[in-house]
Amino acid sequence: MDANYGRINGLRRQLLIVDDDPISRAILGNLIGDAYDIAYAENGREALNWLERASRTVSLVLLDLMMPVMDGVETLKRMKESETLRQIPVIVLTSEGDAEAETLRGGATDFITKPYKEEIVRARIARTIELVEDRQIIQTVETDRLTGLYSKDFFFEYASAMVEAHPGIVMDALVLDLDHFHLYNEMRGRAAGDQLLCALGDAIRQELSGTIGIGCRCQADTFFVYIEHTDAHASILERITARVTEAVNGMARVRMGVCTRTDITSDLEGRFDRAKSACNRIRGDYLHALAYYDDSQYEQDIHAQRLINETKEALRSGQFKVYYQPKYDITGSRPTLMSAEALVRWQHPEFGIVSPGLFIPLFEDNGMIRALDSYVWKTAARQVAEWRKRYGRVIPVSVNVSRIDLFDESLLERLNNIREANELPPEALILEITESAYTEDTEQAIAVIASLRAAGYRIEMDDFGSGYSSLNMLLHMPVDALKIDGAFMRAISVREKDKWLIATLVDIARHLNVPTVFEGVEEEQQVSMIREAGGQIVQGYYFSRPLPPEPFEQIIEKDIKEAEQC
Ligand code: C2E
Ligand code: CA
Ligand code: CA
């Protein structure tokens, strides 16, 4: 027998054996008494009393299930409810194999079946103690400093170990996310943001307490939770939200995406990807805070994956086409062609025309957007140059600049190179930057945009009204035009209050000393309302859909003809 068996760092560990049967107690005590200091208790109540005193020195409890006074299940439950006893590992002694799942659920670390086999008993005890002690040592490394939950790497390690050790237990993958966390951070400051994250961490920990579930903070405001399968996800979310709301005084909305174990087609990380994809689906959706990953989403993801795989080839073989949609100045006696917006389409050999609404978000996620944007800018610049040659005038084209481009240090250089290659002045390329890029990374965005403007580019703040710029922020934002989000046009009719809404939007722009561009304008009445309110520029199906270059040329020619007639 190894003299060090049972000792770690030379210390003898102290164990508590809880069993009402004296023979059983003695057998177990004899099996391991050479290696450990052993204390005995006859039932749960006695054990708890002893543990209260020895909680700091005891390394492990060996717990029988069937006992008078207080049985093992109840003892385990009370231990898990106690702040001081919760951490002590418990190995359950059982003669019924099927008590396994129930005791694990109750918080037992492992179990040993009677009659005892010496090798197994020794191995399990040693392993459990080592695991728990190792775990305490690395606890500081493996947990997220802010919330005390696991870090992502350790989370997956433990979750996989759990799956392997207990293949019979059905688990669900949950992803939780805070709506508008960046905004909260920005408005209330980083300390308040941290507090909110801690509140969510605490709420999750409370939910997991006494279960076999584990949780981690995956990144920023995204949390992963792995719990035993349940149908009560809605109530879990309700409880977590209530705790967070109470902790931070009512400003938080938690979303939850769920991938249940019925989905066995992917590995552990894949299942969390799916739960996350369900969670993303309801971002900003105020009617739904809970979403399940389902078949239709599976199809969508497969489709998305195919698009991602084929992107490079599509760029090489020219499958991306740039369409142009005219913008008209409506302040004069007739609408005049001012500029055009370049909008990309994917002419896919199998799927036909794929809308950018589908692939742009994918490319923003995987970084391909940079290459695509460059391609669109190049194509648009070449087009402007060609039209200048043909019609003797520069028709400026606005291009979309994604928020990822704003983090690219070579952005200005990329734009300048493209422009210079086509001998265009900076006014020929207008840059559309979505409002949320301003609000999410205000400082960075303002610095980059200021440098673009200093180089002569004009900036339109795209989708204005969909983000959350406060008036105060707006006053400090470098912009040359506000492009009002198309959602306003979809929402309005010709009622008085809608007129007032348009007038307000125009008024904001007037305060900033910039014109407004209204997009998504489909009806004549909308054009009149915008004109009456003092809006200047209109883009939308009312004038034209986005068109390939050749049909767009008819629009240019019509505008030239009308100008000559005036
Ligand atoms: P966006 O920049 O807000 O573009 C306006 C969208 O509204 C376009 O959708 C346009 O076709 C559509 N639209 C224009 N007039 C009307 C109308 O009267 N009624 C309605 N219902 N819709 C109208 P599209 O082309 O599907 O583009 C969707 C979004 O994809 C764009 O929104 C933009 O954010 C993004 N996008 C398009 N091309 C590019 C690109 O080259 N680069 C980047 N980064 N994003 C792009
Ligand atoms: Ca745009
Ligand atoms: Ca827009």
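What to note about this one:
- Top-ranked residue in the stretch 369-406 [being away from ligand 3 (no atom under 16 Å from the Cβ), β-branched (Val, Ile, Thr) and over 30 Å from the mean Cα position of the chain (by Cα); ranked as nearest to Phe359 (Cα to Cα)]: Thr379
- Against the test of being over 16 Å from Asp144 (Cβ atoms) and surrounded by fewer than 15 Cβ atoms within 10 Å (Cβ to Cβ), the options Arg283, Arg274, Arg243, Arg255 yield a single qualifying residue, Arg283.
Conditions (1) touching an Asp or Glu at 6+ places or on another chain (Cβ under 6 Å); (2) of a type in the set (A, V, I, L, M, F, W, C); (3) away from ligand 3 (no atom under 16 Å from the Cβ), marked per residue:
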residue: Tyr457; (1), (2), (3): no, no, yes
residue: Pro478; (1), (2), (3): no, no, yes
residue: Lys483; (1), (2), (3): yes, no, no
residue: Leu512; (1), (2), (3): no, yes, yes
residue: Gly534; (1), (2), (3): no, no, yes
residue: Gly540; (1), (2), (3): yes, no, no
residue: Phe543; (1), (2), (3): no, yes, no
residue: Gln554; (1), (2), (3): no, no, yes
residue: Asp559; (1), (2), (3): no, no, yes
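- Applying the set (1) in a loop (DSSP other than H, G, I, E, B); (2) under 42 Å from the mean Cα position of the chain (by Cα); (3) under 22 Å from Ala26 (Cβ atoms) to Leu85 leaves exactly one unmet item: (3).
- Flag if Ala278 is of a type in the set (Gly, Ala, Ser), within 30 Å of the chain's Cα centre (by Cα) and either closer than 19 Å to Pro549 by Cβ or not in a helix (DSSP H, G or I) (or both): no
- Flag if His233 is over 14 Å from the mean Cα position of the chain (by Cα) and touching a residue at least 60 places away in the same chain (Cβ under 8 Å): yes
- Scanning the stretch 432-463 for residues that are within 13 Å of ligand 2 (Cβ to nearest atom) and under 14 Å from Val514 (Cβ atoms) yields Glu432, Ile433, Glu435, Ile459, Glu460, Met461, Asp462.
- Here is the figure for the stretch 25-37: residues that are assigned to a helix (DSSP H, G or I) and touching a Leu at 6+ places or on another chain (Cβ under 8 Å) total 2.
- Glu409 surrounded by fewer than 19 Cβ atoms within 10 Å (Cβ to Cβ) and free of Cβ contacts under 8 Å to residues at least 12 places away in the same chain: yes
- Arg334 being under 34 Å from the mean Cα position of the chain (by Cα), in the same structural domain as Asp373 (by TED's automatic domain parsing) and not polar (S, T, N, Q): no
- Members of the stretch 510-541 that are charged (D, E, K, R) and away from ligand 2 (no atom under 16 Å from the Cβ): Arg510, Glu522, Glu523, Glu524, Arg531, Glu532
- Test: residue in the stretch 307-324 that is of a type in the set (A, V, I, L, M, F, W, C) and part of a strand (DSSP E or B): yes
- Every condition in (1) assigned to a helix (DSSP H, G or I); (2) away from ligand 3 (no atom under 16 Å from the Cβ); (3) surrounded by fewer than 15 Cβ atoms within 10 Å (Cβ to Cβ) holds for Pro361 except the one numbered (2).
- Of the residues contained in the stretch 336-354, one or more are found to be in contact (Cβ under 8 Å) with a residue 60 or more places away in the chain, within 28 Å of Leu474 (Cα to Cα), of a type in the set (Gly, Ala, Ser) and within 16 Å of ligand 2 (Cβ to nearest atom).
- Taking the stretch 507-532 as the range and being of a type outside the set (S, T, N, Q) and either within 13 Å of ligand 1 (Cβ to nearest atom) or in contact with a Phe, Trp or Tyr (Cβ under 9 Å, 6 or more places away or on another chain) (or both) as the test, the residues that pass are Ile508, Ala509, Val517, Phe518, Glu519, Gly520, Val521, Glu522, Glu523, Glu524, Val527, Ile530.
- Check on Gln539, more than 37 Å from the chain's Cα centre (by Cα) and either surrounded by 18 or more Cβ atoms within 10 Å (Cβ to Cβ) or in the same structural domain as Pro335 (by TED's automatic domain parsing) (or both): no
- Only residues that are without any contact (Cβ under 8 Å) to a residue 40 or more places away in the chain and within 20 Å of Phe407 (Cβ to Cβ) were counted in the stretch 358-390, giving 6.
- Of all positions in the stretch 489-509, at least one carries a residue that is within 16 Å of ligand 2 (Cβ to nearest atom) and either modelled with pLDDT of 80 or more or of a type in the set (Lys, Arg) (or both).
- Yes/no for Asn400 being within 30 Å of Glu562 (Cβ to Cβ), modelled with pLDDT of 95 or more, within 16 Å of ligand 2 (Cβ to nearest atom) and not charged (D, E, K, R): yes
- Residue that is small (Gly, Ala, Ser) and surrounded by 21 or more Cβ atoms within 10 Å (Cβ to Cβ), where the choices are Ala509, Ala447, Ala455, Ala503: Ala509
- When Met461, Met477, Met489 are screened for being more than 16 Å from ligand 1 (Cβ to nearest atom) and crowded, with 16+ Cβ neighbours inside 10 Å, only Met477 passes.
- Exactly one residue out of Glu427, Glu420, Glu409 is modelled with pLDDT under 95, acidic (Asp, Glu) and away from ligand 3 (no atom under 16 Å from the Cβ): that is Glu409.
- Test: Glu350 is in a helix (DSSP H, G or I), surrounded by fewer than 17 Cβ atoms within 10 Å (Cβ to Cβ), away from ligand 3 (no atom under 16 Å from the Cβ) and at negative phi: no
- So Tyr375, is it in a strand (DSSP E or B) and in the same structural domain as Gly520 (by TED's automatic domain parsing): no
The values are calculated or read from the model by the stated rules, or taken from the named source; none is laboratory data. All values reported here derive from a predicted model rather than from experimental measurement. Cβ: placed from backbone, ideal geometry, glycine included. Neighbour counts: every protein chain shown.
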